[in-house]
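Structure, as structure tokens:
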Amino acid sequence: MQFQGQILKMTSYDAQPIQYYLNLSGDLIHMNELFGKELTIKHTGFQCVNCGESKPVYRMGFCKSCFFESPYASDTIIRPELSTAHLGVAERDLEIEKEIQLQPHTVYLAYTGEVKVGVTRNTQIPTRWIDQGATFALPIARTENRYEAGMIEVALKQHVPDKTSWKKMLQDDLEDEIDLADFQQKIKQYFPEDFQKFYSEGENLWKFDYPFEKPAKVNSFTLDKKPEFTGRLTGIKGQYLGFEGGDFINVRGHEGYVVSLDVKN
């Protein structure tokens, strides 16, 4: 079988185990069905996820001009505390920024090899956690907009990481359940006073089952350094495809890359 197209982040469905679909120009390939098969991924070009032109990817799937101009690549995407749509102040495009920022958000704790804090739009639950490779996730605050969630995260990340370590996430083999509710109680004292009304206790703990087993070693590669790769698919966690021998590729990190995918038994 052969497929080709522009890489977009994998689509996932919360099941036992999680089901993954590789998105190549809108065509969804069920990756769980390809475990044990030999895949050859060949980088053939670029296509910006925003303008669609064949320009080199600069960051996040965007060409350089779109990265610095598109509201979908603005600073508030990475740093929600910078949001200003609630004030009616535009960063790049106020109407789009209102659509993204002026909706309910959740501040959460997640276990991705270690406990971290994060922010997501409610509409991205549980996709956000699956994309990060979280084994467990627990909402700890429910806000009305992105700015409020960002300010809570800023306060808490002084005491708990806000980034996922991909190596810790892939090398983790935790079997016992992490008590995130207990962890929430321990960091409650750091919750910003002006945002106490958004604090939430007693939320349900989310647990995820990935089609993945911890490898003896992990080695991440990119299509920039290895434009053609052949390996036997063994598992998936987060947005990482895992191959025999411990080679991993971050699919989301290659959004906007155009590839051909050959599948052999």
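The values are calculated or read from the model by the stated rules, or taken from the named source; none is laboratory data. Remember, predicted model here, so these are calculated numbers, not experimental data. Please note: Cβ atoms are built from the backbone with ideal geometry, for glycine as well, and neighbour counts cover all protein chains shown.
Here are the numbers for the structure shown:
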{"read-out": "Unique match (being surrounded by fewer than 21 Cβ atoms within 10 Å (Cβ to Cβ), within 16 Å of GLY113 (Cβ to Cβ) and β-branched (Val, Ile, Thr)) among ILE187, ILE178", "value": "ILE178"}
{"read-out": "Region 133-175: number of residues that are assigned to a loop (DSSP other than H, G, I, E, B), closer than 19 Å to LYS186 by Cα and in contact with a Phe, Trp or Tyr (Cβ under 9 Å, 6 or more places away or on another chain)", "value": "3"}
{"read-out": "THR106 vs. criteria in contact (Cβ under 8 Å) with a residue 60 or more places away in the chain, under 19 Å from the mean Cα position of the chain (by Cα) and crowded, with 20+ Cβ neighbours inside 10 Å", "value": "no"}
{"read-out": "Selected residue (only one of ARG142, ARG146 is within 17 Å of ARG128 (Cβ to Cβ), among the charged types (D, E, K, R), buried (at least 19 other Cβ atoms within 10 Å of the Cβ) and within 23 Å of the chain's Cα centre (by Cα))", "value": "ARG146"}
{"read-out": "Test: residue in region 80-97 that is surrounded by fewer than 18 Cβ atoms within 10 Å (Cβ to Cβ), under 18 Å from the mean Cα position of the chain (by Cα) and within 27 Å of TRP166 (Cα to Cα)", "value": "no"}
{"read-out": "Residue in region 11-32 that is surrounded by the most Cβ atoms within 10 Å (Cβ to Cβ), counting only those that are within 22 Å of GLY52 (Cα to Cα) and within 15 Å of the chain's Cα centre (by Cα)", "value": "LEU22"}
{"read-out": "All positions within region 214-259 that are farther than 30 Å from CYS51 by Cβ and touching a residue at least 40 places away in the same chain (Cβ under 8 Å)", "value": "LYS214, PRO215, VAL218, THR230, GLY231, ARG232, LEU233, THR234, GLY235, LYS237, GLY242, PHE243"}
{"read-out": "Qualifying residue in region 96-103 (condition: on the phi < 0 side of the Ramachandran plot and at pLDDT below 95)", "value": "no"}
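Rundown of residues vs (1) over 30 Å from ILE236 (Cβ atoms); (2) of a type outside the set (Phe, Trp, Tyr), yes/no style:
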residue	(1), (2)
ILE78	no, yes
LEU102	yes, yes
HIS105	no, yes
GLY113	no, yes
PHE136	no, no
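Yes/no matrix, rows are residues, columns are (1) small (Gly, Ala, Ser); (2) closer than 30 Å to HIS43 by Cβ; (3) at pLDDT below 95:
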{"residue": "MET151", "(1), (2), (3)": "no, no, no"}
{"residue": "LEU174", "(1), (2), (3)": "no, no, yes"}
{"residue": "GLU203", "(1), (2), (3)": "no, no, no"}
{"residue": "PRO227", "(1), (2), (3)": "no, yes, no"}
{"residue": "ASP247", "(1), (2), (3)": "no, yes, no"}
{"residue": "ASN250", "(1), (2), (3)": "no, yes, no"}
{"residue": "HIS254", "(1), (2), (3)": "no, yes, no"}
